[in-house]
Amino acid sequence: MTVAAICESIGDVNEHQPFEILGDEQCWELLGGEQFGRLAVSVAGRPDIYPVNFIIHNGVIVFRTAEGSKLASMAINAAVAFEVDGYNPDTNEAWSVVVHGQAKLVEHSPDEDELEHLPLFPWNLAPKNRLVKVEAFELSGRRFVAEGRRG
């Protein structure tokens, strides 16, 4: 069953359904409004999570990285998960989106020049000279009322 079909069968959040399943379009919209996410990788059976600044460009997640364990892990196993959360204090709604996809180092391709000029700025000053894109093959998302945050 597709996410859209599940969403149609569940509907909005109510007392019987504590969360709303988000469709692909809603997931991409939420991702596009954020700049910070978490990249999950697994190498030799050991999972790891890295915080990254990112941008959505033409339906692809793009981020910069340096040489090191994150880049090496993606070279060994390109299957990754990418997760972003959000919270709206005005509505007391929280959401979470998870993307499963393939990470690809962007080099020596027509995409490289275009991606180099994206407004993508790491939060720290360490050089991040490598561009990586994550092409999604599965999106899942949920939105819910953050009941525990009410005063």
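Data for the structure
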| item | result |
| --- | --- |
| Boolean, Val106 is surrounded by 14 or more Cβ atoms within 10 Å (Cβ to Cβ), touching a Leu at 6+ places or on another chain (Cβ under 7 Å) and at pLDDT below 90 | yes |
| Unique match (being out of contact with any His (no Cβ under 7 Å at 6 or more places or on another chain), touching a residue at least 60 places away in the same chain (Cβ under 8 Å), of a type in the set (A, V, I, L, M, F, W, C) and surrounded by fewer than 16 Cβ atoms within 10 Å (Cβ to Cβ)) among Ala66, Ala44, Ala72 | Ala66 |
| Complete set of residues in region 60-81 that are closer than 20 Å to Glu107 by Cβ and modelled with pLDDT of 90 or more | Val60, Ile61, Val62, Phe63, Ala79, Val80 |
| Count - residues of region 115-134 that are in contact (Cβ under 8 Å) with a residue 12 or more places away in the chain and either over 21 Å from Ser69 (Cα atoms) or surrounded by 14 or more Cβ atoms within 10 Å (Cβ to Cβ) (or both) | 12 |
| Selected residue (only one of Lys104, Lys70, Lys133, Lys128 is in contact with a Lys or Arg (Cβ under 6 Å, 6 or more places away or on another chain) and not in a strand (DSSP E or B)) | Lys128 |
| Every pair of residues 6+ apart whose Cβ atoms lie under 7 Å, when the first sits in region 84-103 and is farther than 18 Å from Val52 by Cα and in contact (Cβ under 8 Å) with a residue 24 or more places away in the chain while the second is basic (Lys, Arg) and surrounded by 18 or more Cβ atoms within 10 Å (Cβ to Cβ) | Glu93/Arg143; Trp95/Arg143 |
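The values are calculated or read from the model by the stated rules, or taken from the named source; none is laboratory data. On a predicted model such as this, the values are computed, not experimentally measured, just so you know. So basically every Cβ, Gly included, is an ideal-geometry build from the backbone, and we count neighbours across all protein chains shown.
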